[in-house]
Amino acid sequence: MEVNEKKIQIKNKDFLTFLSLNIGILESLQNRFEAILILRGDTLIIRGKQNEIELIDRIFNEYSYTYIKNGNLKETDIAVICDIFLNNNVAKNGNSSPSDKTNTNIIYPGYKEPIKARSPRQKEYHQKVLENDMVFAIGPAGTGKTFLAVAMALNALRNNEVSRIILSRPAVEAGESLGFLPGDLKEKLDPYLRPLTDALLYMLNPEKLKTMMDKNIIEIIPLAYMRGRTLSNSFIILDEAQNATVTQMKMFLTRMGTASKAVITGDITQIDLGNYSDCGLIDANRLLKDIKGIEFVYFDQTDVVRHRLVAEIINAYQKDSDKKLKKEKK
């Protein structure tokens, strides 16, 4: 992707001070685009695609004009200015608006390509996340549970529905020993968290992802590090939830603060815990079904969207598991 850069000198000292004290204004604008915004001294640096730079430049100039005219820049002013310019851009170019939720098939515009719901179950998943504060997605690998959750989180951030994204996984040893892995704690945990980073890198350019992680707009942490936190105005994802214990699951589910969403994904056929009765995902599925605002989506091998062999491999293992189960019952 060709990366262009534009520098805007902020000549009004009062407006510059206002921006310095309210850096979230630039962050909320940045969240709507692929471009990166950096305030350095009295200069705003915009890096990204040329069409985005031009649009951000016009929006920022309107911010400046409104502030100088009124002596302030309110949240309502920011929202109205963005919507006017973005809607005008849609009308001019025929592109989909970041805040347009009428086309529920496209979940997030994406860095490489638009991320879409590709099956009826994925569309159901997307719709339930839009309509509820907590959604459990249960099913085999390759059905898009985590990938789509990340896309939905990025879209919520882009539309300023949340101010940050928290992604978490339990660091459970699936046959490997964490202690024997080389490096410090961060290096040991990186392999467990890598699938989440891979999904983000597919949807964001690497420089923007690094910027957002440096600012803690996007945070990837092991489940054990969630204890004691209250996460407000956040989109929270727990991946590989079948490896969370009952205690850990309860701890995670009670981290939600105001104006937050949570998506919990897992595959109950791939539990790496020593005892199935310890599985927090199975326990949550049993306990939380009747609570308003919590929904469950169940995927199966027919929903697999990876290589066609993945569905056949899952099916073969499932058949073998069913045979073993029948023998045990006899």
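Quick rundown of the values:
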quantity: The range 241-293, accessible surface, carbon-and-sulfur percent (1.4 angstrom probe); calculated: 53 percent
quantity: At R0 = 35 Å, FRET efficiency that the Cβ-Cβ distance of TYR65 and LEU130 yields, to 0.05; calculated: 0.50
quantity: Backbone HN-Hα couplings from phi across the range 73-79 [Karplus 6.51/-1.76/1.60, Hz, Gly and Pro as x]; calculated: 9, 7, 4, 5, 4, 4, 5
quantity: Segment ASN4-ARG58, length gained on full extension (0.36 nm per residue, minus Cα span); calculated: 17.8 nm
quantity: Entries of LYS11/LYS69; LYS116/LYS289; LYS123/LYS261 with Cα pairs more than 25 Å apart; calculated: LYS116/LYS289
quantity: Amide proton proximity set for ALA171, modelled H, under 5 Å, gap of 5+; calculated: LEU223, ALA224
quantity: Trypsin sites (Lys or Arg not before Pro) within the range 1-70: DSSP coil, no more than 12 neighbouring Cβ in 10 Å; calculated: LYS11
quantity: Loop-located GluC sites (Glu not before Pro) in the range 1-57 whose Cβ has at most 13 other Cβ within 10 Å (DSSP); calculated: GLU2
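The values are calculated or read from the model by the stated rules, or taken from the named source; none is laboratory data. Note that this is a predicted model, so its numbers are computed, not measured. Note that each Cβ is placed from the backbone with ideal geometry, even for glycine, and that neighbours are counted across all protein chains shown. With ligands, DNA and RNA removed, areas are computed over all heavy atoms of the protein, side chains included. Shrake-Rupley method; radii C 1.70, N 1.55, O 1.52, S 1.80 Å.
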